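*Asks:* Here it is: the structure, laid out below.
The values are calculated or read from the model by the stated rules, or taken from the named source; none is laboratory data. Worth saying up front: this structure is predicted, and the values here are computed from it rather than measured. Every residue, glycine among them, receives a Cβ derived from its backbone with ideal geometry; neighbour counts consider all protein chains shown.
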Amino acid sequence: MDPRYIRNFSIIAHIDHGKSTLADRLLEFTGAITSREKRDQFLDSMDLERERGITIKAAAVRLWYRAADGREYLLNLIDTPGHVDFSYEVSRSLAASEGVLLLVDASQGVEAQTLANAYLALENNLEIIPVLNKCDLANADPDKTAEEIREILGLDPSTAIRASAKTGQGIEEILEAIVNRVPPPRGRSTDPLKMLIFDSWFDPYVGTVVMIRVLAGSVHRGQRILLMATGKTYEVYQLGVFNPYATPVESLSAGEVGFLTATIKNLADAMIGDTITDALNPTPTPFPGFKKIKPMVFSGFYPVDPGDYGRLKEALEKLRLNDSSFTYEPETSAALGFGFRLGFLGLLHLEIIKERLEREYELSLLATAPTVVYKVVTTRGEEIWVDNPLKLPPWGKIEHLEEPLVRVEIHTPAEYLGNILSLCEDRRGRQVEIRFFPNQKALIIYEMPLNEILMDFYDQLKSLSRGYASMDYEMLGYRASALLQMDLMVNGEPIDALSVIVHKDKAYRWGRELTERLQKIIPRQMFEVVIQAAIGSRVIARERVAPLRKNVTAKCYGGDITRKRKLLERQKEGKKRMKQIGKIQIPQEAFLAVFGMR
Ligand code: GDP
Ligand code: MG
């Protein structure tokens with residue numbers, strides 16, 4: 001295929017600005033899917049994604065378009081995930097493109113992810129075509145949005161296309177802009193093979209599927225290839241493109257996009273961002289920007305019914321085939337029994353995995369409070385990485401603790417500035433910058449411990465701004481911090497699953513709140529229950545649950561035997577969801593008390 005007639009592009013947008021809808025419209029307009037076979041949001045393949053409106057896995061589709069110049073062009077639409085947890089994947093999809101449609105909802109204007117994604121596009125030197133979407137809406141303000149694009153992103157507003165992915169307005173103009181403004185791919189077919197992996201997944205029938213962008217050279221079926229990050233070689237078994245259905249091809253050359261399979265047994269061996277080359281005639285240098293993705297957030301997953309441990313293990317093995325970006329290893333808790341410690345890219349990723357386990361594998365799970373990875377520097381100068389409060393070395397052996405720091409960018413209407421600034425300060429943030437834009441909007445930049453945005457920062461931000469503020473964050477590195485380990489004890493017995501690492505300024509507040517929450521959750525027993533929060537041997541907060549005086553059933557239900565039996569049965573049911581700590585039955589709910597602490 002002559003690269004002069006190829007255009008590779010992605011669509012980037014803030015969530016809900018209409019990326020999937022526009023993709024569908026482009027597919028439909030170019031005839032890649034007929035209206036009859038069209039189902040909404042063709043590119044979002046998982047049910048879960050469609051329900052949440054989040055595109056989790058990137059994919060690429062071929063479109064053929066006969067342009068106004070009379071020539072037929074091959075357009076590769078490379079889909080990108082739309083959430084901050086997946087920004088590395090987005091950056092690799094962009095690296096496979098020469099241009100982007102920067103989609104902005106004209107009724108909402110520029111938001112945090114619009115900015116973050118636009119910066120990624122600029123870093124990759126991509127041609128940016130601004131598209132003002134949802135112009136059909138009565139409250140759309142394309143002029144104002146165009147002005148924001150100029151002010152905030154420095155783009156020429158006259159290049160913005162007014163469109164509606166719903167009505168089809170502007171679709172042809174967008175396609176013409178792709179042909180005329182996005183540069184054709186560079187890279188020679190005669191050079192040694194060089195391909196970028198921008199997505200990979202596990203297919204139960206064909207094994208690992210790898211999405212590739214050919215940067216130089218060409219690849220054909222049966223070719224011996226080398227994956228440069230792992231150093232492993234394979235033979236290309238299948239080669240194909242999505243148009244939009246998987247269609248086999250004999251070869252792909254510089255500038256083209258497609259997929260391959262090569263009996264790669266382990267999905268983790270086909271890492272996003274890795275370079276594939278010819279095993280016999282390798283390229284001297286891999287494509288830059290490869291990063292091995294590391295989980296940032298950890299949580300213990302325990303089956304509510306201990307008998308489900310085996311099923312949970314199997315489910316995790318299966319899920320891991322599909323998603324190599326989460327990790328798991330067995331973990332035991334004195335309070336919760338046998339479970340697993342899972343590592344995720346971010347909180348959304350955690351929620352997705354938990355939901356899939358519960359929905360697809362019908363497991364009922366208990367997740368412990370999410371925690372970041374702390375760096376422990378010991379008195380002997382060693383560095384230890386700890387993702388679990390239970391694994392901290394003895395306090396006397398710790399020289400100091402370090403915690404991960406993020407740079408948070410919040411985009412908000414200026415009227416909520418005060419609210420948001422106090423939220424950021426409360427979360428131990430350090431202000432970097434505030435920028436004001438026309439149309440009463442502001443960009444707030446803070447450095448903040450990752451831990452502080454894990455719990456309910458996003459929800460708070462949304463409620464303090466009536467839903468208008470949006471945010472994005474990126475990792476900065478580690479910083480020494482005055483962190484302490486706080487333990488919770490019930491009648492003197494420490495509950496390991498409730499241990500937390502907390503900043504010293506917040507220890508008292510957390511201790512008080514946690515003991516109060518637990519006091520409300522733990523039912524009265526035949527004896528007094530004392531709940532304590534302690535740092536080392538020092539108790540910082542204490543609550544008590546008064547003992548029961550009489551037999552409740554006898555008192556409440558008198559002689560009505562059927563109702564009494566029902567109550568007892570229900571109690572039995574409830575007990576299954578209790579955990580025995582010493583002599584005390586503690587409801588599962590108690591282990592969630594740590595959530596939402598700040
Ligand atoms: P994504 O999160 O960026 O993929 O956004 P979606 O394509 O899922 O769209 C989010 C919502 O906006 C959906 O309810 C769409 O039907 C709606 N939507 C998308 N484009 C338009 C448009 O041009 N006009 C109107 N009125 N609604 C749109
Ligand atoms: Mg979408």
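*Asks:* Here is a check on your reading of the model: is Leu115 within 16 Å of ligand 1 (Cβ to nearest atom), touching an Asp or Glu at 6+ places or on another chain (Cβ under 9 Å) and either among the basic types (Lys, Arg) or assigned to a helix (DSSP H, G or I) (or both)?
*Replies:* In short, yes.
*Asks:* Residues to consider are Glu151, Glu147, Glu176, Glu123; find the one that is surrounded by fewer than 19 Cβ atoms within 10 Å (Cβ to Cβ), of a type in the set (Asp, Glu), over 32 Å from the mean Cα position of the chain (by Cα) and not assigned by the TED database to the domain that holds Ala229.
*Replies:* Going through Glu151, Glu147, Glu176, Glu123 in turn, the sole match is Glu176.
*Asks:* Sticking with this structure for a sec: Scan (1) within 24 Å of Arg224 (Cα to Cα); (2) in contact (Cβ under 8 Å) with a residue 60 or more places away in the chain for the single condition Phe298 breaks and write down its number.
*Replies:* Looking at each condition in turn, Phe298 falls short on (1).
*Asks:* Next up: Return yes when Pro370 is in contact with a strand residue (DSSP E or B) (Cβ under 7 Å, 6 or more places away or on another chain) and crowded, with 18+ Cβ neighbours inside 10 Å and no when it is not.
*Replies:* So Pro370 passes the test.
*Asks:* Taking the stretch 124-159, which residues are farther than 30 Å from Pro288 by Cα, more than 9 Å from ligand 1 (Cβ to nearest atom) and in contact (Cβ under 8 Å) with a residue 40 or more places away in the chain?
*Replies:* Matches in the stretch 124-159: Lys144, Thr145, Glu147, Glu148, Glu151.
*Asks:* Take Thr167 and tell me if it is exposed (fewer than 15 other Cβ atoms within 10 Å of the Cβ), without any contact (Cβ under 8 Å) to a residue 60 or more places away in the chain, within 16 Å of ligand 1 (Cβ to nearest atom) and farther than 22 Å from Ile6 by Cα.
*Replies:* yes
*Asks:* Give me a count of the residues in the stretch 453-482 that are in contact with a Phe, Trp or Tyr (Cβ under 7 Å, 6 or more places away or on another chain) and either of a type in the set (Asp, Glu) or assigned by the TED database to the domain that holds Glu351 (or both).
*Replies:* 0
*Asks:* Considering only residues that are touching a Phe, Trp or Tyr at 6+ places or on another chain (Cβ under 8 Å), within 23 Å of Tyr234 (Cα to Cα) and of a type outside the set (D, E, K, R), which ones fall in the stretch 294-324?
*Replies:* Leu321, Asn322
*Asks:* Looking at (1) modelled with pLDDT of 90 or more; (2) hydroxyl-bearing (Ser, Thr, Tyr); (3) more than 21 Å from the chain's Cα centre (by Cα), find the lone condition where Ser10 falls short.
*Replies:* Going through the list (1) modelled with pLDDT of 90 or more; (2) hydroxyl-bearing (Ser, Thr, Tyr); (3) more than 21 Å from the chain's Cα centre (by Cα), Ser10 breaks only (3).
*Asks:* When you go through Leu476, Leu484 one by one, which is the residue that is over 23 Å from the mean Cα position of the chain (by Cα), modelled with pLDDT under 95, of a type in the set (A, V, I, L, M) and not in a helix (DSSP H, G or I)?
*Replies:* Of Leu476, Leu484, the one residue that is over 23 Å from the mean Cα position of the chain (by Cα), modelled with pLDDT under 95, of a type in the set (A, V, I, L, M) and not in a helix (DSSP H, G or I) is Leu484.
*Asks:* Can you find a residue in the stretch 217-225 that is in a strand (DSSP E or B) and at pLDDT below 95?
*Replies:* Within the stretch 217-225, not a single residue is in a strand (DSSP E or B) and at pLDDT below 95.
*Asks:* Can you pull out every residue in the stretch 415-455 that is surrounded by 15 or more Cβ atoms within 10 Å (Cβ to Cβ) and in a helix (DSSP H, G or I)?
*Replies:* If the condition is that a residue be surrounded by 15 or more Cβ atoms within 10 Å (Cβ to Cβ) and in a helix (DSSP H, G or I), then Tyr416, Leu417, Asn419, Ile420, Leu421, Leu423, Cys424, Leu450, Asn451, Glu452, Ile453, Leu454 are the ones that fit.
Matching residues to (1) aliphatic (A, V, I, L, M); (2) within 17 Å of Val545 (Cβ to Cβ):
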{"site": "Asp487", "(1), (2)": "no, no"}
{"site": "Gly492", "(1), (2)": "no, yes"}
{"site": "Ala497", "(1), (2)": "yes, no"}
{"site": "Glu516", "(1), (2)": "no, yes"}
{"site": "Lys520", "(1), (2)": "no, yes"}
{"site": "Arg524", "(1), (2)": "no, yes"}
